[in-house]
Amino acid sequence: MSDPQDIPEDGALAAEYVLRLLDGDAERAFEARLKAEHELRAQVQFWEAEFAALAADVPDVAPPPAVKSRLLAKLHGERAAPWRGSVWGWLAWPALAAVAVVAFLALSPMLRGPAFDPAFHATLISEDGAVHIEAGYAPDGNLFKVIPEQGAPMSGRDFELWVIGENADAPVSLGVIPAGGQITFEISPEIAAMIEGGTLAVSDEPEGGSPTGAPTGAILAAGQFFDV
């Protein structure tokens, strides 16, 4: 990786942008420059490659076939044996380890703020990388924060979030993800109790959300909550 002393100011900004270390105003200003400055976009691509290399030696691990089937059973309200496995294996592909490294490095500045200090965090990334959502839960006030990093539903559709408790029989909806960026909202104590050891998932639903109270569309991504 490059010597920090040799990195120009724009290069350092690009690295911080890739790691999501910029605050809201600085990030918006940087993205405005990205639209007009080819050299700045090249810097971002350079740092994406640099950070991806951190995970080059991480071996792929094939998950047990039962992992996906048990998750889908819970998402669709079917009873399944208690599940304590991880869905990360199901979602893994060669670049996922690199994304995980970046997510850990970026977690603190991205989710923490003056009124939000998360105890649990989940990262949702679809298998093709088209959808990327970060989320965190802060027990103080039972606050839940959602940051849509990438991807948007098609016209007439919505992305809906679901919490699946460690030993729950069915998922519980957190509602649809509104357009317009990150959102923080209060969740009920009953849902908060499902987060530790639980899983967060996002599904593709009709506009306004699932009409049945359970996922009806494709499960785009899922990830277990981990203790920050």
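The values are calculated or read from the model by the stated rules, or taken from the named source; none is laboratory data. In this text the structure is predicted, and so the values were computed from the model without any measurement. Reconstructed Cβ throughout: ideal geometry from the backbone, glycine too, with neighbour counts over all protein chains shown. Accessible surface areas use protein heavy atoms only, side chains included; no ligands, DNA or RNA. Shrake-Rupley method; radii C 1.70, N 1.55, O 1.52, S 1.80 Å.
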* Output the residue which, of all residues in segment 5-41 that are open to solvent by 60 Å² or more (accessible area, probe 1.4 Å) and outside any helix (DSSP H, G or I), is nearest to Phe51 (Cα to Cα). => Leu21
* Asked: Scanning segment 191-225 for residues that are touching a Phe, Trp or Tyr at 6+ places or on another chain (Cβ under 9 Å) and charged (D, E, K, R), which turns out surrounded by the fewest Cβ atoms within 10 Å (Cβ to Cβ)?
  -> Glu196
* Does Ile177 satisfy the criteria of being under 23 Å from Ala214 (Cβ atoms), surrounded by fewer than 16 Cβ atoms within 10 Å (Cβ to Cβ) and under 15 Å from the mean Cα position of the chain (by Cα)? -> no
* Filter segment 138-169 down to the residues that are open to solvent by 20 Å² or more (accessible area, probe 1.4 Å) and among the aliphatic types (A, V, I, L, M), then identify the one that is modelled with the lowest pLDDT. => Ala168
